[in-house]
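Here is the structure we will look at, set down as structure tokens.
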Amino acid sequence: MQELFQVVPAAYVVFRRDAQVLLQLRQNTGFMDGHWACAAAGHVEAGESVLAAAVREAAEETGVLLDPADLVPLSTLHRTNGGDSPRAQRVDFFFATTVWRGEARIMEPEKCAAMEWFDLDHLPEPMPEHERYVLQNLAAGTLPAIASLGFTR
């Protein structure tokens, strides 16, 4: 019998300041270390809504407080790493915000080497492919509400 298909959901918060976004440089996480990534992102926990996950991740990673009403949906990205595992597929919910309380700062220095603002037109290297896809399409005004990456069909 084939294992049941599973999807791993994650919430991403794109902090915007005019044409800039706030990114963090990952370190010591075991996943995409040395890559610039959204300042706040993480898996949705059991029993948690995606909005609650976005608010929680923002507080945990940047120290800022968000009101879920200030999160603007950007895109839902269904992606795969191409593996055979039933957990090889992800659904990423991207939100933008221009409103928050507090000053964004590194809250997890063991996981984050730096946090900086970047122009959407001049994103740093390297970045996770799926995050670059979202941010480049956001900058170009071509970000679809629902997108897929990594699938052959």
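Every number here is computed from the coordinates shown, using simple stated rules; none is lab data. Owing to the predicted nature of the structure, the values given are computational and were not obtained by experimental measurement. With ideal geometry, Cβ positions are generated from the backbone for all residues, glycine too; neighbour counts draw on all protein chains shown.
General observations
- Any hit, region 117-139, residues being out of contact with any strand residue (DSSP E or B) (no Cβ under 7 Å at 6 or more places or on another chain), touching a residue at least 40 places away in the same chain (Cβ under 8 Å), small (Gly, Ala, Ser) and surrounded by 16 or more Cβ atoms within 10 Å (Cβ to Cβ): yes
- For region 70-79, the count of residues that are more than 15 Å from the chain's Cα centre (by Cα) and either buried (at least 19 other Cβ atoms within 10 Å of the Cβ) or not basic (Lys, Arg) (or both) is nonzero.
- Scanning region 100-116 for residues that are part of a strand (DSSP E or B) and surrounded by 14 or more Cβ atoms within 10 Å (Cβ to Cβ) gives 112, 113, 115.
- Checking each residue in region 1-19 for being under 21 Å from residue 63 (Cα atoms), in contact (Cβ under 8 Å) with a residue 12 or more places away in the chain and among the charged types (D, E, K, R) picks out 16, 17.
- The strands (runs of 3 or more DSSP E) found entirely in region 20-99 that carry 2 or more residues being closer than 19 Å to residue 137 by Cβ and touching a residue at least 60 places away in the same chain (Cβ under 8 Å) are 20-26, 36-38, 72-80, 89-97.
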